[in-house]
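Comments concern the structure below.
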Amino acid sequence: MNWQQIEPWEYVIVAVASEYHRKFDMVELEDIKQSLYEWFAKHPNKVAEWEKIGNKDAKNLIYRSLRNHALDYCQKWKAKSTGYDVSDVYYYESDVVEALLPSVLRGEYGVTHKLNLGRPGRPSAPSEGGNLSVMMMEIDSAYWKLSKEDRKILFFRYAESMDYKEISNYLSLGSDDAARMRGNRAVKRLVNKLGGFRPFLDKDLQEEVSETPDEFVESEERSHDDEWEQASEDSL
């Protein structure tokens, strides 16, 4: 393990470990930290490449990957300790939440039929078969945990069906894009209140290049650019 590479990012490790220890208090803080050290041991090339971009952007990308790793580790530990299969965990996704928000915010709970809103190879929604009523109640509960500002923009967008130009004018946000970004961030925070996004598979850069045919290298590089931009937007 390269401690010289890890030492500059010790404060991020401590912050992420503390965050997920609060969320999963049955998992020891030191165990979470150890798992994050192991992430650095498995991703030396990725860390080195990100550090070349600059300290601020490297921090955002490392923080994002460590949070993903901590969630995956804590979910598996919780599943093992409480006797359920981690594959049974349902993760809400933005498109599902956005599809249900209009009915949730308008109080239209008359939908009682069942619809599988899961994805191929993934578990159905929390109540067997994807019961929409239960999903709507969970989204409503999470909605009221958001800030007043987030609730307001989601209500205008999904309950009142206002477009982003109207929202921008009403809230004096300056532009359609500013309103759209605020709305997207509010949806992401809502998903996080519902348990967070599904952990992604995080490989080291050397592994990705060795497994990627030459003709796909360019598209892979664009994918990393998108990841960098997203992490920068959700900076610490």
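The values are calculated or read from the model by the stated rules, or taken from the named source; none is laboratory data. A quick note: this is a predicted structure, and the numbers were derived from the prediction, not measured. Positions of Cβ are backbone-derived with ideal geometry, glycine not excepted, and every protein chain shown enters the neighbour counts. Ligands, DNA and RNA are excluded from the accessible area calculation, which covers all protein heavy atoms including side chains. Shrake-Rupley method; radii C 1.70, N 1.55, O 1.52, S 1.80 Å.
Of note:
- For ALA15 and ASN184, a Förster radius of 30 Å and the Cβ-Cβ distance give a FRET efficiency of 0.80, rounded to the nearest 0.05.
- Note on ASP176/GLN5: beta-carbon distance plugged into 1/(1 + (r/R0)^6) with R0 of 41 Å gives a FRET efficiency of 0.45.
- Carbon + sulfur, % of accessible area of region 1-72 - ligands and nucleic acids excluded, 1.4 Å: 47 percent
- Region 2-56: C-alpha pair distances exceeding 18 Å, %: 35 percent
- Per-residue extension of 0.36 nm, minus the Cα-Cα distance of LEU29 and ASN55, leaves a gain of 6.8 nm for this segment.
- Accessible area per residue for region 1-44, computed on protein heavy atoms with a 1.4 Å probe, is 56 Å².
- Hits among lysines - C-alpha to C-alpha of LYS165 under 22 Å, sequence gap 8 or more where chains match: LYS148, LYS152, LYS188
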